[in-house]
1. Could you calculate, for the range 249-329, the ratio of the Cα radius of gyration to the Kirkwood radius, expressed as Rg to Rh?
2. State the Cα centre-to-centre distance between the range 352-368 and the range 216-252 in whole Å.
3. How big is the gap, in Å, between the Cα center of the range 41-93 and the Cα center of the range 109-127?
4. Among the listed pairs K125/K170; K153/K330; K170/K212; K125/K336; K330/K355, give every one whose C-alpha distance is greater than 27 Å.
5. So what is the diffusion coefficient of the range 191-339 in µm² per second by Stokes-Einstein at 4 °C and 1.567 mPa s, using a Kirkwood Rh over Cα pairs?
6. Which GluC sites (Glu not before Pro) does the range 82-189 hold that lie in a coil by DSSP with at most 13 other beta carbons within 10 Å?
7. By the scheme Lys and Arg +1, Asp and Glu -1, what is the net charge of all other residues having a beta-carbon under 11 Å from that of T317?
8. If you take the charge dipole of the chain about its Cα centre, with +1 on Lys and Arg Cβ and -1 on Asp and Glu Cβ, which of L304, A113, N331 is farthest toward its positive end?
Amino acid sequence: MKHLLALISITLIVLLASCSSAQYRLITEHSEEINSILSEDEIKILELASMAPSGHNTQPWEIVIKKDGSWIIQINEDSLLPALDPHRRESLLSIGAFIQNLIYGAQSLGYSADLSFLCTNMTDKDIVRIIIEKSDKNHSDFFERIMLRRTVKSDYKEDSISMEDIDILKSLVHQEDIEVFFYPGGSQECQYINGLQILSNIQQVNREDVQKELANWIRWDNESIYNNRDGLNPDSLELTGIAKWFVQTFYNENSVLSDSFKTSTMKKIEEMVSKHGGWMIISCRSDDPVNILKTGMAFEKIFLHVRELNIGLHPMTQPLEESPFDSNLKNELDIKGIPQFILRLGYIDNYPEPKSIRKSIDSFIKFE
């Protein structure tokens, strides 16, 4: 009977893994150590922080809980992308988004999060110190914004994003050393970025080191999705129906290196750049780690507000990852500072459910 119950439990887990409901995205049961040291609110704040976006969904953050109650956010060196992101720029941008989620998550539960930057070099392990304190202010709407945020790649309308909506998004970013640029659909600048996207993606899909790295972070089947709880999966890649069944049944790591995969990737890229409402670029004054972290925070502020405007957002950073397109972009568009994000925007009729799952906070917390 015990073995039968175990078999039934495993079967249920597999079935749940195939469900689309967002409630299975996050593990909410934690170790006795975490439950005994952290309060229920602190645990929830960390869960909300972990819902931040990251390149290939690597979730490159760790937290050390100190005896004095402070939290040290560190970079997880096992989650780096040395081929795609050799200088850790994108990992730090992701940690910036994590920090912003943590701040908003704290505020949603009636706390403040005071932070001090610790890193001075791109290779530093310790990134930020956080102190959580009770506050008399509460921004409960942040909770829903964080849980419903998702990247949307498909079904964009061709209407250009209105300048009124762009001004709303720009108003969220107040740092003097960060600038937000927008190039509406149909503009000459927009067409230029469309072309750079095609050229840089062609170059990237033909880089074997990058494609092998991508293959390592794709979870094709339900078992690997729920065992790893990171990386990309058919749902987050927006595959549905027969296409989803086909890749889950027949695809593996080697498939990413095939000519057919490269061809289908480029076909999808061409479809995406042909239909959207404009490009947003976020730049910072210098490429030191603190400015990069602040840019990641600014990006997340924008990301958490596009849904209410019925705007889909899709980071497409390939021109910044491939030379000479990174310098071409900056020079041709006369962008001040250093571009850190290229965001494809478009109005959509219906926002799909979030699908990208997250690791348990147990996996990235240490106590000292």
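The values are calculated or read from the model by the stated rules, or taken from the named source; none is laboratory data. These numbers were taken from a predicted model, which means no experiment stands behind them. Please note: Cβ atoms are built from the backbone with ideal geometry, for glycine as well, and neighbour counts cover all protein chains shown. Remember, those area values only see protein heavy atoms, side chains included, never the ligands or the DNA or RNA. Shrake-Rupley method; radii C 1.70, N 1.55, O 1.52, S 1.80 Å.
1. A ratio of 1.04.
2. So the two Cα centres are separated by 18 Å.
3. Going from one Cα centre to the other spans 11 Å.
4. K125/K170; K170/K212; K125/K336; K330/K355
5. After rounding, the answer is 74 µm²/s.
6. When the GluC sites (Glu not before Pro) of the range 82-189 are filtered for loop state and at most 13 Cβ neighbours within 10 Å, E158, E176 remain.
7. Taking every other residue near T317 into account, the sum is -3.
8. L304
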